[in-house]
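*Asks:* Pasting in a structure now, in structure tokens, and then I'll have a few things to ask.
The values are calculated or read from the model by the stated rules, or taken from the named source; none is laboratory data. The model shown is predicted, which means the values in this text are computed figures rather than measured ones. No Cβ is skipped: glycine too gets one built from the backbone with ideal geometry, and neighbour counts run over all protein chains shown.
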Amino acid sequence: MRFLLVTATRLEMDAVKSGSPEKAGLDVQYLISGPGMMATAFSLGKHLSLQRPAIAIQFGIAGSYSDSFPAGCLVNVEKETLADFGAEDGDGFLTAFEAGIVRPDEIPFKQGQLWNPWLGAFSLPETLPLVNALTVNKVLGNEQSIQRMNDRFRPDIESMEGAAFFYACLLSDIPFLQIRAISNRVEKRNRNAWQVGPALGQISRYVRILFDCEPAAWCKFLQ
């Protein structure tokens, strides 16, 4: 049984490995994709072309748009939206789907978003809230741009890699999860308020909980 655990950075991977299992018959592979969508798409695409895991799980920290998901909270990403994939139109912005660059339901998109169709196949040992994620090329730290994104997409969290991970797994037909730990509020940039350490600790804790169980207990398609 082969699992692929993916993070963007070494810091996040250290957190994953500190909670990772050493069980007979369990083959766990690790991939540090690099930060951002381009690095993630290339690294993951290359890996999946050579080796096919039973399940891929991306772990990482994320910023939150909502008081419902404070720092230290763990979430399970249900759908991904590309924040800045499109075209400026005067003072406005057209998504790639609105601009006619990509059809909203062109595979693997569904109504202009990337959805995880495998969520119903998982029964995780600690249920996590499902969230709507925004993938950005630049971490937002300006109040006006944050408000625009919030008004336009109503996201719960943001990252720089999630949509690329969804895209690669969907096109490769590999069951997947994206688990994020909230490290900060999406607000005017204030690194002093970030709680990266506690968020990484939550990742370690959840990896440990996940693999303390037999995978067949929380992956219905492995039963």
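*Asks:* Report the residue count in segment 167-193 for those that are outside any strand (DSSP E or B) and in contact (Cβ under 8 Å) with a residue 60 or more places away in the chain. Before the answer, list the steps.
*Replies:* As a first pass, look at segment 167-193 and keep what is outside any strand (DSSP E or B): 167-175, 186-193.
Restricting the remaining residues to those that are in contact (Cβ under 8 Å) with a residue 60 or more places away in the chain gives 167-172, 174-175, 186.
Number satisfying all stated conditions: 9.
*Asks:* Which one of these does Ala71 not meet: (1) surrounded by fewer than 20 Cβ atoms within 10 Å (Cβ to Cβ); (2) among the hydrophobic types (A, V, I, L, M, F, W, C); (3) within 30 Å of Pro104 (Cα to Cα)?
*Replies:* Here Ala71 clears every test but (3).
*Asks:* Pairs needed: first member in segment 26-54, more than 14 Å from Tyr167 (Cβ to Cβ); second member anywhere, in a helix (DSSP H, G or I) and among the basic types (Lys, Arg); C-beta distance under 7 Å; at least 6 residues apart or different chains.
*Replies:* Correct list of pairs: Tyr30/Lys17; Ile32/Arg10.
*Asks:* Further, regarding this structure: Pull up segment 16-52, narrow it to residues that are in contact with a Lys or Arg (Cβ under 9 Å, 6 or more places away or on another chain), small (Gly, Ala, Ser) and outside any loop (DSSP other than H, G, I, E, B), then point me to the one that is farthest from Leu177 (Cα to Cα). Walk me through it before giving the result.
*Replies:* Keep residues of segment 16-52 that are in contact with a Lys or Arg (Cβ under 9 Å, 6 or more places away or on another chain), which gives 18-21, 26-30, 32, 51-52.
Okay, now just the ones that are also small (Gly, Ala, Ser), so 18-20.
The next check asks that each one be outside any loop (DSSP other than H, G, I, E, B); those that pass are 18-19.
Values: Ser18: 19, Gly19: 17 Å.
Per the criteria, the residue is Ser18.
*Asks:* Let me ask something else about it. Hey, can you tell me all the residues within segment 72-101 that are within 30 Å of Leu124 (Cβ to Cβ) and either acidic (Asp, Glu) or modelled with pLDDT of 95 or more (or both)?
*Replies:* Selection gives Cys73, Leu74, Val75, Asn76, Val77, Glu78, Lys79, Glu80, Thr81, Leu82.
*Asks:* Somewhere in segment 111-128, is a residue more than 16 Å from the chain's Cα centre (by Cα), surrounded by 17 or more Cβ atoms within 10 Å (Cβ to Cβ) and assigned to a helix (DSSP H, G or I)?
*Replies:* no
*Asks:* Only residues that are among the aliphatic types (A, V, I, L, M) and modelled with pLDDT under 95: list them for segment 120-135, please. Let's see the steps before the verdict.
*Replies:* Looking only at segment 120-135, we keep the residues that are among the aliphatic types (A, V, I, L, M), and these are 121, 124, 128, 130-131, 133-134.
Passing the criteria: Ala121, Leu124.
*Asks:* Taking Val139 and the conditions (1) part of a helix (DSSP H, G or I); (2) under 22 Å from Arg10 (Cβ atoms), which numbered condition does it fall short on, given that it satisfies the others?
*Replies:* (1)
*Asks:* Return yes or no: is Ser183 polar (S, T, N, Q) and closer than 25 Å to Ser49 by Cβ? If you could, list the steps in order and put the result at the bottom.
*Replies:* Working: polar (S, T, N, Q): yes; closer than 25 Å to Ser49 by Cβ: no.
Against the criterion (polar (S, T, N, Q) and closer than 25 Å to Ser49 by Cβ), Ser183 does not qualify.
*Asks:* Sticking with this one: How about segment 18-40: which of its residues are modelled with pLDDT of 95 or more and either exposed (fewer than 15 other Cβ atoms within 10 Å of the Cβ) or closer than 19 Å to Val139 by Cα (or both)? Reasoning before the result, please.
*Replies:* Within segment 18-40, the first condition is being modelled with pLDDT of 95 or more, and the residues that meet it are 30-40.
If the condition is that a residue be modelled with pLDDT of 95 or more and either exposed (fewer than 15 other Cβ atoms within 10 Å of the Cβ) or closer than 19 Å to Val139 by Cα (or both), then Tyr30, Ser33, Gly34, Pro35, Gly36, Met37, Met38, Ala39, Thr40 are the ones that fit.
*Asks:* Could I ask something else about it? What pairs come out if I take residues in segment 196-220 that are aromatic (Phe, Trp, Tyr) and pair them with residues that are part of a helix (DSSP H, G or I) whose C-beta lies under 6 Å away, six or more apart or interchain?
*Replies:* none
*Asks:* Okay, moving on. Provide a single number: the residues in segment 1-10 that are exposed (fewer than 15 other Cβ atoms within 10 Å of the Cβ) and either touching a Phe, Trp or Tyr at 6+ places or on another chain (Cβ under 8 Å) or at pLDDT 90 or above (or both). I'd like the intermediate steps shown before the answer.
*Replies:* The initial filter retains those residues of segment 1-10 that are exposed (fewer than 15 other Cβ atoms within 10 Å of the Cβ), namely 2, 10.
Checking which are either touching a Phe, Trp or Tyr at 6+ places or on another chain (Cβ under 8 Å) or at pLDDT 90 or above (or both) leaves us with 10.
Qualifying residue count, segment 1-10: 1.
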